[in-house]
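Only one structure is covered here, and it is reproduced in the block below.
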Amino acid sequence: MQAFLKGGTSIGTKPVKDKASASGTGSTGESKKQKPIPWVEKYRPKCVDEVAFQDEVVAVLKKSLQGADLPNLLFYGPPGTGKTSTILAASRELYGPELFRQRVLELNASDERGIQVVREKVKNFAQLTVGGTRSDGKPCPPFKIIILDEADSMTSAAQAALRRTMEKESKTTRFCLICNYVSRIIEPLTSRCSKFRFKPLADKIQTQRLLSICEKENVQITNEAISCLVEVSEGDLRKAITFLQSAARLTRGKEITEEIVTEIAGVVPKETLDSVLVVCQSGSFEKLENFVKDLINNGHAATQLVNQLHDVILERGDLTDKQKAFITEKLADVDKCLTDGADEYLQMLGLFAVVMQQMTQNS
Ligand SMILES: Nc1ncnc2c1ncn2[C@@H]1O[C@H](COP(=O)(O)OP(=O)(O)OP(=O)(O)O)[C@@H](O)[C@H]1O
Ligand SMILES: [Mg+2]
């Protein structure tokens with residue numbers, strides 16, 4: 001066992017040594033450039049001012065940065081809209097890099113957050129008293145911050161255990177709960193916090209951010225590709241930046257076009273969607289079966305198809321409202337089944353059979 005451990009550590013330390021010598025030989029700027037940091041992390045807002053589009057939250061946080069008191073906070077909204085970044089940036093500004101570790105306890109869904117942890121870890125941390133100055137002499141608020149990220153995954157028992165702690169320790173501790181689904185936070189907790197909704201980022205803001213990243217990273221991109229990125233990411237800036245980075249890797253210096261973005265985002269081509277509807281209109285089940293087989297063989301994700309088909313169906317002028325209602329109800333069913341792990345082939349077949357039924361009723 002010892003030998004194994006020894007072996008393990010030597011393997012573990014080797015790459016670190018290599019890295020150090022590599023950065024020692026080359027210029028530091030060069031080695032920094034080569035460090036593969038994902039762009040989402042590289043361009044994560046460092047201060048509250050850099051957070052785009054979430055004006056109310058930024059205004060409140062800036063007030064508290066100027067010395068006013070901070071309420072308990074509840075941030076909620078869709079993924080990739082800046083919730084985690086905002087509170088981390090605010091805490092850094094409040095405490096500076098040194099005190100940050102002492103004053104901020106960040107727990108997310110990857111940490112154990114059952115009732116026992118809330119009783120012990122959170123309570124103990126909350127009970128510590130703190131002073132009002134930083135080591136560099138600057139004043140800092142006389143409280144600590146406990147960030148409970150992805151709080152919607154906490155059990156309601158653990159949430160309930162927070163209720164009294166939150167009130168009792170209000171002199172020394174502020175809580176910041178972050179979640180995607182505010183309905184999964186129990187009522188007594190939401191009523192103890194100031195709620196802030198994070199909106200999906202507007203197209204214009206996303207475009208600006210993406211363009212500035214492209215400029216900094218020397219990436220050539222067409223205007224159509226940018227609007228395609230914005231469209232497929234649906235207000236989720238993290239998704240847009242990730243797609244952009246993958247596209248940049250793929251083209252390696254050449255211009256990024258709309259087709260490349262579509263390919264990377266796994267969007268089903270418009271022609272495929274059109275031909276689905278043509279097959280449904282034909283009324284032949286045999287044709288439909290073959291088509292679905294092809295579709296699955298091409299590796300298109302069924303959930304993606306459901307999402308895109310939804311938009312197409314709503315825009316069709318040749319379907320009555322009642323027919324659209326039937327189809328969208330089936331879309332909702334299929335979406336749920338797919339999330340639960342149902343077979344893609346059968347679900348697609350079932351979905352298109354309903355579309356076919358509705359479309360052929362017309363003629
Ligand atoms: N409002 C914003 N301003 C600037 N950058 C943003 C904003 N929202 C998201 N980003 C970018 O997206 C990345 C992810 O943001 P963040 O981790 O804050 O999302 P989140 O809201 O916590 O999402 P999740 O609910 O999935 O945890 C950031 O690193 C940043 O690059
Ligand atoms: Mg987050």
Next on the checklist: Counting pairwise Cα distances across the chain, what percent come out greater than 27 angstrom?
Outcome noted: 64
Checklist entry - Do the alpha carbons of any pairs in LYS293/LYS322; LYS239/LYS270; LYS83/LYS204; LYS35/LYS199; LYS63/LYS123; LYS199/LYS322 sit beyond 24 Å of each other, and which pairs? => result LYS293/LYS322; LYS35/LYS199; LYS63/LYS123; LYS199/LYS322
Next on the checklist: Could you tell me the ratio Rg/Rh of region 56-101? Both radii from Cα atoms, Rh via Kirkwood.
Outcome noted: 0.97
Checklist entry - In nanometres, what is the gap between the two model label sites at LYS63 and LYS168, each 7 Å from Cα along Cα-to-Cβ? => result 3.0
Checklist entry - PHE198's amide H: which non-local residues (gap 5+, or another chain) put their own amide H closer than 5 Å, with H modeled 1.01 Å from N in plane and none for Pro or chain starts? => result TYR76, GLY77
Checklist entry - Can you pull the percent of the chain's accessible area that's carbon plus sulfur, 1.4 Å probe, other chains left in place? => result 52
Checklist outcome for this item: Along region 57-66, Karplus-curve 3J(HN,Hα) (6.51, -1.76, 1.60; θ = phi - 60°) to the nearest Hz, with x for Gly and Pro, reads 4, 4, 4, 5, 5, 5, 4, 6, 5, 7
Next on the checklist: What FRET efficiency comes out for ALA342 versus GLU215 if R0 is 35 angstrom and r is the Cβ-Cβ distance? Round to the nearest 0.05.
Outcome noted: 0.20
Item to check | Extension gain, GLU289 back to THR155 (0.36 nm per residue minus Cα-Cα distance, nm) | outcome: 43.9 nm
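Which whole-number value in Å² is the accessible area per residue of the chain, probe 1.4 Å?
Computed with neighbouring chains in place, this is 57 Å² per residue.
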Checklist entry - Taking the Cα atoms only, what angle lies between the long axis of helix 285-297 and the longest principal axis of the chain, rounded to 10 degrees? => result 30
Checklist entry - So for the pair ILE115, GLU259, with labels modelled 7 Å out along Cα→Cβ, what separation do we get in nm? => result 6.0
Next on the checklist: Between region 252-291 and region 292-320, what is the separation of their alpha carbon centroids in Å?
Outcome noted: 8
Checklist entry - Which length gain, in nm to one decimal place, applies between GLN361 and TYR181 when the Cα-Cα distance is subtracted from 0.36 nm times their residue separation? => result 60.8 nm
Checklist outcome for this item: Here FRET efficiency (C-beta to C-beta, GLU231 to ARG101, R₀ 35 Å, nearest 0.05) is 0.30
Checklist entry - Modelled label-to-label distance, ASP203 and ARG316, 7 Å Cα→beta-carbon offset: nm? => result 2.5
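The values are calculated or read from the model by the stated rules, or taken from the named source; none is laboratory data. Just so it is clear, the structure is predicted and the values come from calculations on it, not from any experiment. Positions of Cβ are backbone-derived with ideal geometry, glycine not excepted, and every protein chain shown enters the neighbour counts. The protein model used for the area step is the full one, side chains on, heavy atoms only, and it has no ligands, DNA or RNA in it. Shrake-Rupley method; radii C 1.70, N 1.55, O 1.52, S 1.80 Å.
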